[in-house]
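Some notes on the structure that comes next.
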Amino acid sequence: MRVLLIEDETPLRVAVRDALADEGWRVITAADGQEGFDKALTEKPDLIVLDIMLPKLDGYALCRELRRLGHRVPVLMLTARGLVEDRVHGLDAGADDYLVKPFSLAELKARIRALRRRSQHEEEQPAGASFGDVQVDLVRRNVTRRGREVPLTAKEFGVLALLIQHAGQAVSREQFLDLVWGHTAFPTTRTVDNHIGRLRNKLEPDPAAPRYILTLPKTGYRLDSVITSVT
């Protein structure tokens, strides 16, 4: 696995690089946001470990730009900022996980392994899907309805993508928490319900009587009447 480590603190960058290399992973490093962004495009890493407070280009902006360009590489943010608002900001920028400094190298490596498993799972997704008047491009992470773009947060899109991947099948709340949230923000099953509600408000003709994103009592949710496409 190829890991891109973007961290401006030299001692931490060296320590993390060596720890990841001990796992047999190839580690590419960058000391500022612009260098990291350029290497993310040219080196095509399997996973990015990204500090937030970086010179030239901060981690939030870097992650948002990667997602805007359609890059789905998993991103794990490292930061000394542990407030809930900061975690939400990072996740909404497109990060997949969030680890607050100081952290143990063992936990960092475990989270990287978990992200990689989730990424390999997501690679089985179709390239796109449609239901009703909604079109979803899973590669570019773009959703339109009646030809107009529908803005979704990173987690809302993750919930929708998982429903599409399992179109016509039940998806439990626990599956959503494991595959969309992982260990990022200590979510509960109510978090899943809230995101489903927001998706219905944005995508259903009548959110109070959903036709596509259906509730399965005591089980979870199912997406019906979906047409998928592959690359």
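Only one of the numbered conditions (1) in contact (Cβ under 8 Å) with a residue 24 or more places away in the chain; (2) touching a strand residue (DSSP E or B) at 6+ places or on another chain (Cβ under 6 Å) is not met by Thr144, and that is (1).
Note on region 57-87: residues that are without any contact (Cβ under 8 Å) to a residue 12 or more places away in the chain and assigned to a helix (DSSP H, G or I) total 2.
Looking at this structure, is Glu107 acidic (Asp, Glu), part of a helix (DSSP H, G or I) and modelled with pLDDT of 90 or more?
Numbers: acidic (Asp, Glu): yes; part of a helix (DSSP H, G or I): yes; modelled with pLDDT of 90 or more: yes.
The answer is yes for Glu107.
Given the criteria touching a residue at least 40 places away in the same chain (Cβ under 8 Å), among the hydrophobic types (A, V, I, L, M, F, W, C) and surrounded by fewer than 18 Cβ atoms within 10 Å (Cβ to Cβ), does Leu105 qualify? Yes, satisfied.
The values are calculated or read from the model by the stated rules, or taken from the named source; none is laboratory data. Everything quoted here is computed from the prediction, not taken from an experiment. Heads up, the Cβs are rebuilt from the backbone with ideal geometry, glycines too, and the neighbour counts pull from every protein chain shown.
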